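Q: One structure, pasted below without further comment.
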Amino acid sequence: MQISATIISFNEAEKIGRCIASLLPVADEIIVLDSGSTDATVAIATKLGAKCSYHAFDGHIEQKNRAATLAEFAWILSLDADECLSFELQQSILDVKKGTVPADAYHMNRLNNFAGQWIKHGGWYPDKKIRLFKKEKGRWGGLNPHDKIVLKPGSKVLQLHGDLLHYTYDQAADFALQNQKFAKAAAIAMHDQKKIAYALTPYYKAAFRWFKGYVLQLGFLDGKAGRLIAAGNARYTFDKYQMLRQLNQKKDVR
């Protein structure tokens, strides 16, 4: 079993080194597909032995599928530049490589760090993700910017031990800015799929998103961070459906 690790990047100089370093013990090659970074992202990746290529960004799904086409080996391990493998997850992947590889894909729990705090509730954990898969069995799909691996029918999936560590936002302001960008991308993607938002849609969708995360999924147990995340998720949901409503009315959301 040989693994091609793939990463897409844009101005990730502060985080990509940690990501690549965690992949070195398990990957047989590391591919970075950059979309025009103006910082030291590519220089850092190259110094650590990654194979770097460039393509203008045209969507998370498109870019990740493009990175997979550059892979030499049959197995893909896909990480974002702000993620890294925990030691336990590294060992779990190495155990799979040494064995008979009984599955077509593997999912892992992602543990998210928000402004220095590991978040264990509010729908942010275990945040299960498929990230290790046979190239012939899966590809990135979903709805931008929320991509996911879509496997061929009948594919066998098993769980890996250990966490995928995700360093999401250094401060709450970063969360708000990212949510604004993601809300617009999601609204455009939903509009392209002919989805409709009515006058009250943004309000009840946002209210339910807050209640689900903060109450049903115990976000309140994460303290102040839990409150900020619940409020941010609700605002993201409101903005997404509000912009979808504007697009339905043929208004510009830029």
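The values are calculated or read from the model by the stated rules, or taken from the named source; none is laboratory data. A quick note: this is a predicted structure, and the numbers were derived from the prediction, not measured. Backbone-built Cβ (ideal geometry, glycine too); neighbour counts: all protein chains shown.
Q: Looking at the range 26-42, which of its residues are in contact with a strand residue (DSSP E or B) (Cβ under 9 Å, 6 or more places away or on another chain) and more than 15 Å from Leu164 (Cβ to Cβ)?
A: Asp28, Glu29, Ile30, Ile31, Val32, Leu33, Asp34, Ser35, Gly36, Ser37, Thr41, Val42 - these are the residues of the range 26-42 that are in contact with a strand residue (DSSP E or B) (Cβ under 9 Å, 6 or more places away or on another chain) and more than 15 Å from Leu164 (Cβ to Cβ).
Here's the yes/no breakdown for (1) among the charged types (D, E, K, R); (2) touching a residue at least 60 places away in the same chain (Cβ under 8 Å); (3) not assigned by TED's automatic domain parsing to the domain that holds Gly59:
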residue	(1), (2), (3)
Lys156	yes, no, no
Gly162	no, yes, no
Asn179	no, yes, yes
Lys184	yes, yes, yes
Ala187	no, yes, yes
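Q: Can you tell me how many residues in the range 167-177 are assigned to a strand (DSSP E or B) and touching a residue at least 60 places away in the same chain (Cβ under 8 Å)?
A: Kept after step one, since they are assigned to a strand (DSSP E or B), are these residues of the range 167-177: 167-169.
Within this subset, residues satisfying the condition of being touching a residue at least 60 places away in the same chain (Cβ under 8 Å) are 167-168.
Residues flagged as assigned to a strand (DSSP E or B) and touching a residue at least 60 places away in the same chain (Cβ under 8 Å) within the range 167-177 amount to 2.
Q: Taking Asp95, is it charged (D, E, K, R) and touching a His at 6+ places or on another chain (Cβ under 7 Å)?
A: When the stated conditions are applied, Asp95 does not pass them.
Q: Sticking with this structure for a sec: Can you find a residue in the range 36-45 that is assigned by TED's automatic domain parsing to the domain that holds Ala67, of a type in the set (Val, Ile, Thr), without any contact (Cβ under 8 Å) to a residue 40 or more places away in the chain and assigned to a strand (DSSP E or B)? Please lay out each step first, then the result.
A: Within the range 36-45, the subset assigned by TED's automatic domain parsing to the domain that holds Ala67 is 36-45.
Add one more test, that the residue is of a type in the set (Val, Ile, Thr), and what stays is 38, 41-42, 44.
Narrowing the set further to residues that are without any contact (Cβ under 8 Å) to a residue 40 or more places away in the chain leaves 38, 42, 44.
Now restrict to residues that are assigned to a strand (DSSP E or B): none.
Within the range 36-45, not a single residue is assigned by TED's automatic domain parsing to the domain that holds Ala67, of a type in the set (Val, Ile, Thr), without any contact (Cβ under 8 Å) to a residue 40 or more places away in the chain and assigned to a strand (DSSP E or B).
Q: Please work out which one of (1) over 22 Å from Pro126 (Cβ atoms); (2) modelled with pLDDT of 95 or more is the condition Lys98 fails and give its number.
A: (2)
Q: Give the range 187-230 a look and list any residue that's among the small types (Gly, Ala, Ser) and buried (at least 19 other Cβ atoms within 10 Å of the Cβ), or say none.
A: To start, the set of residues in the range 187-230 that are among the small types (Gly, Ala, Ser) comprises 187, 189, 197, 199, 206-207, 213, 219, 223, 225-226, 230.
Answer for the range 187-230, where residues must be among the small types (Gly, Ala, Ser) and buried (at least 19 other Cβ atoms within 10 Å of the Cβ): Ala187, Ala189, Ala197, Ala206, Gly213, Gly219, Ala225, Gly226, Ala230.
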